[in-house]
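The block underneath contains the structure these notes are about, expressed in structure tokens.
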Amino acid sequence: MRKKHLKKAYAYIIVLSAVLLTAVMLLMNHVKQRLLSDVSINLTEIVTQNKDVITSKLMLEVNNLELVSKQLSERISFAGDSSDMKVKEMFLNYAERGIDDMLCYSDREGHAVYGSGEEASIAGRQYFLLALQGKANISERIISRLNGEDIFVISVPLNHEGEIIGTIQKQYMAKEMYDICSASLFSQQGSMYIINSEGYILINSEYEEQYNKESSNYYRMLFLDNPKVAKKLEMDIETKQEGFFEAQIGKERVFSAYTPIEEIHDWYLITSINTNAVMPNAVIVIKIFYGILFAVILFAVAMMMYLLLLKRKQSEELEKIAFVDEVTAGDTYTKFMINVQELFEQNPKGQFSMLVFDIDNFKYINAFYGFDKGDEILKCVYKLYRENMGKRECLARITADHFVAVLQDVSEDRLREIFCAEKNISGVKVYFSAGLYPIKDIKEGLGLMMDKANLASRRTKGRRHKGVGVYSTEYDKELAKNERIKREVEQAVSQGEIIPFFQPKVDIHTGKLAGAEALARWITSTGKLIPPDEFIPACEHTGTIDKIDWAIFDATLAFIKRSMEMGIQCVPISVNFSRTHLFDIGFSENLRQKMMQQGVPAKLIEVELTETIIFDNAENINRFIEELHEIGVKVSMDDFGSGYSSLHMLKDVNIDVLKIDRGFLKGTTNSKKQQAIFEAIAQMANKLELEVVVEGVETTENVELMKKVKYNVAQGYFYSRPVDAERFSTMYKEGTV
Ligand code: C2E
Ligand code: CA
Ligand code: CA
């Protein structure tokens, strides 16, 4: 269950973070797009301006050369001779006059002559071929055939009478061309490239002395980190489009705008700028934003994890309270039920047996050695059996010294080994009574299985070396009888057949009525009276006992109310409540409301709790008692000395009245010993300021003994048996029995 919750919570965190991240990313993207479009507009403007400056400077150079070509052409016309020889002569003449070594004339075959008089062939050169086609143009960066230097060449056609008879070129040293093209850029962080359609960088804003054509391809440089952008650029340039892109070049991230320089064949201008230079603040803002976002998410996740952990710890603590037995530190019955459920689910076809066992005469161990020793023994017993059990077998303490287990191996040897031998547990000799029920159907219900095992155990009681009693189908009859009683009692309660009889408590010195106890009787429709021994034990395992208790309580309240109305001086009446009420949160409030409704003051009611409750957590009991005290009801401990209690425990439980069990007076021959015990109890009760009621007072000897050890209040046949309301009403009125 818990794991499922955790998984859900983790999924929640992940989804939430993802949604948050996506939202912020989208937002940031939007902001970025806006910034980008601004940058794109600005940069495109800059690149256009640069292009205009560069173009006009280059066109000036081209125009100058065209002027040279025109002048030469005029001279040829004037001379009336356009033979190559004549043209060459006139050119050299012209160049000498212009003192321009960089000028060059070529005939149609590519025989070129320079102003210096040197000659070379430029037949295959692109610039030459273009000029022959009538296109004035500028070459890419090439190596001079004359002197091996890096040069650019501007080339224009030479016309004569409408025909192209050759070309005129001018060479520019690479550096010269750089100077012409280096338009003043917007900042030092910007850079500029002129490339041709194949991507070769012709001019770069940083002049490079060493020019390696292969390593200077812009597409290739771009392609490395931005293949898509490079492809798009190539496409755009092919179709002479202008454009804008963002890309990573080396360590830098740049924005770039590009545009064709249409006036010059095959040239394109790209202007780039570092993103940080364009939007330094935006980048910082974005970084800070991402930082904060990250921190917020981290914090949220951490908080959620912390909350989850806290919750887990809390539920672990709660589980510990519910699942760990205080006395044995082992499993509680609640945990046992869960474990068994799991075990059954995992092995629906497995063979299991239910085993219950308890320690013989544990009450004497408690009385003799004290509670701490009793607890220690219980702890050792749990440990001993746990160690002897398989991993899949379950064990728990139910209450007091009663344990329950579900076993897989119930071979005779094993059972004899565990239960037959006398055990020495922390220095005390211990025997066990145990009952085994081989489970027939795992769907039968743990309650019924335990009833059956208990029945088997009960059958062994009173036998020496009894070992383990095994459930036999004969017992089914007894169970069926219990089941029947339970049902009949429930019906009896609803039909008002369960009524209280009252037994007086008498002050032995004055003979006056000191109080009374309400005791359940079942008067059937046929008028038959059934004593509680015959139906209460059967009801104690189910919730039926609660119904009986409340019925008796209600009838008692009604009785007191009637008596008060008759003007009787009422004394308190005690009502028995079983230990199951200990876990009923609304118990005292329920009690208070019922008393209020009937107008019965709290001082006329006493609650009797049987002493077996001491096996519940002392804190629980005291809280329960405290609540009753708060509404003004006294609490008496019933059957003191009959079972597990010891004088020590009186210190821990905050009761008002001690009812000494009738077993103390029964059939004792050793009156000295009896007297000693009585005296010890009297002293302790006195010290703790407890009222004492002695139960089962049947004889004058009993009364004499009480007088000797200074007890005052008796309840027993000597004074009166429990009587019905009518007869008790007379005693109540007269204040004596
Ligand atoms: P208890 O609370 O200890 O009640 C006293 C029992 O001792 C009564 O038995 C009473 O009849 C019997 N008794 C009184 N004086 C003498 C005497 O001098 N000699 C002998 N031998 N017995 C005497 P009863 O009425 O049969 O009740 C038996 C038990 O049933 C009660 O023991 C009590 O534990 C339980 N019980 C009775 N009514 C209720 C009830 O309304 N609710 C609950 N939870 N338990 C009840
Ligand atoms: Ca009682
Ligand atoms: Ca009693």
**Complete:** residue 150 vs (1) more than 19 Å from residue 71 (Cα to Cα); (2) buried (at least 20 other Cβ atoms within 10 Å of the Cβ); (3) touching a Phe, Trp or Tyr at 6+ places or on another chain (Cβ under 6 Å): all pass except (2)
**Request:** Answer yes if at least one residue in segment 590-607 is within 20 Å of residue 493 (Cβ to Cβ), hydrophobic (A, V, I, L, M, F, W, C) and under 43 Å from the mean Cα position of the chain (by Cα), and no otherwise.
**Result:** yes
**Message:** Among the residues in segment 561-571, are any in contact (Cβ under 8 Å) with a residue 40 or more places away in the chain, within 14 Å of ligand 1 (Cβ to nearest atom) and in contact with a strand residue (DSSP E or B) (Cβ under 9 Å, 6 or more places away or on another chain)?
**Reply:** no
**Test: residue 506 is of a type in the set (A, V, I, L, M, F, W, C) and within 16 Å of ligand 3 (Cβ to nearest atom)** = yes
**Message:** I'd like to know if segment 316-330 contains one or more residues that are within 16 Å of the chain's Cα centre (by Cα) and at pLDDT 85 or above.
**Reply:** no
**Complete:** Here, strands (runs of 3 or more DSSP E) confined to segment 75-193 with at least 1 residues that are within 26 Å of residue 259 (Cα to Cα) and either among the β-branched types (Val, Ile, Thr) or touching a residue at least 24 places away in the same chain (Cβ under 8 Å) (or both) are 150-160, 163-173
**Request:** Working only within segment 421-454, note down all residues that are in contact with a helix residue (DSSP H, G or I) (Cβ under 8 Å, 6 or more places away or on another chain) and assigned to a strand (DSSP E or B).
**Result:** 423, 425, 428, 430, 432, 433, 434, 435, 436, 437
**Message:** Restricting to segment 386-400, name every residue that is surrounded by 20 or more Cβ atoms within 10 Å (Cβ to Cβ), of a type outside the set (Lys, Arg) and in contact with a helix residue (DSSP H, G or I) (Cβ under 7 Å, 6 or more places away or on another chain).
**Reply:** 394, 395, 396, 400
**Request:** Please work out if residue 623 is among the basic types (Lys, Arg), within 41 Å of the chain's Cα centre (by Cα) and within 16 Å of ligand 3 (Cβ to nearest atom).
**Result:** no
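Taking the conditions exactly as written (outside any strand (DSSP E or B) and either in contact (Cβ under 8 Å) with a residue 12 or more places away in the chain or at positive phi (or both)), does residue 65 satisfy them or not?
So residue 65 fits the description; yes.
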**Request:** Read through the list (1) under 20 Å from residue 642 (Cβ atoms); (2) away from ligand 1 (no atom under 13 Å from the Cβ); (3) out of contact with any Ser or Thr (no Cβ under 9 Å at 6 or more places or on another chain), then give the number of the only condition that residue 698 fails.
**Result:** (2)
**Prompt:** So how many residues does segment 455-489 have that are at pLDDT 85 or above, assigned to a loop (DSSP other than H, G, I, E, B) and either surrounded by 15 or more Cβ atoms within 10 Å (Cβ to Cβ) or among the hydrophobic types (A, V, I, L, M, F, W, C) (or both)?
**Reply:** 1
**Prompt:** Between residues in segment 17-34 that are more than 14 Å from residue 285 (Cα to Cα) and residues that are surrounded by 13 or more Cβ atoms within 10 Å (Cβ to Cβ), which pairs lie under 6 Å by C-beta distance while being six or more apart or on different chains?
**Reply:** 17/297
**Asked** Wholly within segment 620-737, which helices (runs of 4 or more DSSP H) include no fewer than the required count, namely at least 3 residues that are modelled with pLDDT of 90 or more and of a type outside the set (A, V, I, L, M)?
**Response** 700-708, 725-734
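Could you list, in sequence order, the residues of segment 706-718 that are within 16 Å of ligand 2 (Cβ to nearest atom) and either surrounded by 19 or more Cβ atoms within 10 Å (Cβ to Cβ) or closer than 22 Å to residue 570 by Cβ (or both)?
713, 714, 715, 716 - these are the residues of segment 706-718 that are within 16 Å of ligand 2 (Cβ to nearest atom) and either surrounded by 19 or more Cβ atoms within 10 Å (Cβ to Cβ) or closer than 22 Å to residue 570 by Cβ (or both).
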**Request:** With the checklist (1) surrounded by fewer than 19 Cβ atoms within 10 Å (Cβ to Cβ); (2) within 16 Å of ligand 3 (Cβ to nearest atom); (3) within 48 Å of the chain's Cα centre (by Cα) in hand, flag the one item residue 577 doesn't pass.
**Result:** (1)
**Message:** For the condition among the hydrophobic types (A, V, I, L, M, F, W, C), surrounded by 15 or more Cβ atoms within 10 Å (Cβ to Cβ) and touching a Phe, Trp or Tyr at 6+ places or on another chain (Cβ under 9 Å), what is the one hit in 731, 684?
**Reply:** 731
**Message:** Give all pairs with beta carbons closer than 7 Å in which a residue from segment 510-538 that is closer than 30 Å to residue 710 by Cα and touching a residue at least 40 places away in the same chain (Cβ under 8 Å) meets a residue that is within 14 Å of ligand 2 (Cβ to nearest atom) and part of a loop (DSSP other than H, G, I, E, B); count only pairs at least 6 apart in sequence or on separate chains.
**Reply:** 515/572; 519/722
**Item:** Counted residues, segment 490-509 - those being surrounded by fewer than 14 Cβ atoms within 10 Å (Cβ to Cβ) and over 27 Å from residue 662 (Cα atoms)
**Value:** 4
**Request:** Look at residue 60 and say whether it is exposed (fewer than 15 other Cβ atoms within 10 Å of the Cβ) and at pLDDT 85 or above.
**Result:** yes
**Complete:** Subset of segment 582-608, residues within 16 Å of ligand 3 (Cβ to nearest atom) and touching a residue at least 40 places away in the same chain (Cβ under 8 Å), comes to 606, 608
**Message:** For segment 96-119, check the following and say yes or no: at least one residue is touching a Ser or Thr at 6+ places or on another chain (Cβ under 9 Å), among the acidic types (Asp, Glu), modelled with pLDDT under 90 and farther than 27 Å from residue 215 by Cβ.
**Reply:** yes
**Fill in**
Filtering helices (runs of 4 or more DSSP H) wholly in segment 326-420 for at least 3 residues that are over 20 Å from residue 443 (Cα atoms) gives 362-369, 371-387, 412-415
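The values are calculated or read from the model by the stated rules, or taken from the named source; none is laboratory data. Keep in mind the model is a prediction, meaning the values are calculated, not measured. Neighbour counts are summed over all protein chains in view; Cβ atoms, including those assigned to glycine, are modelled from backbone coordinates with ideal geometry.
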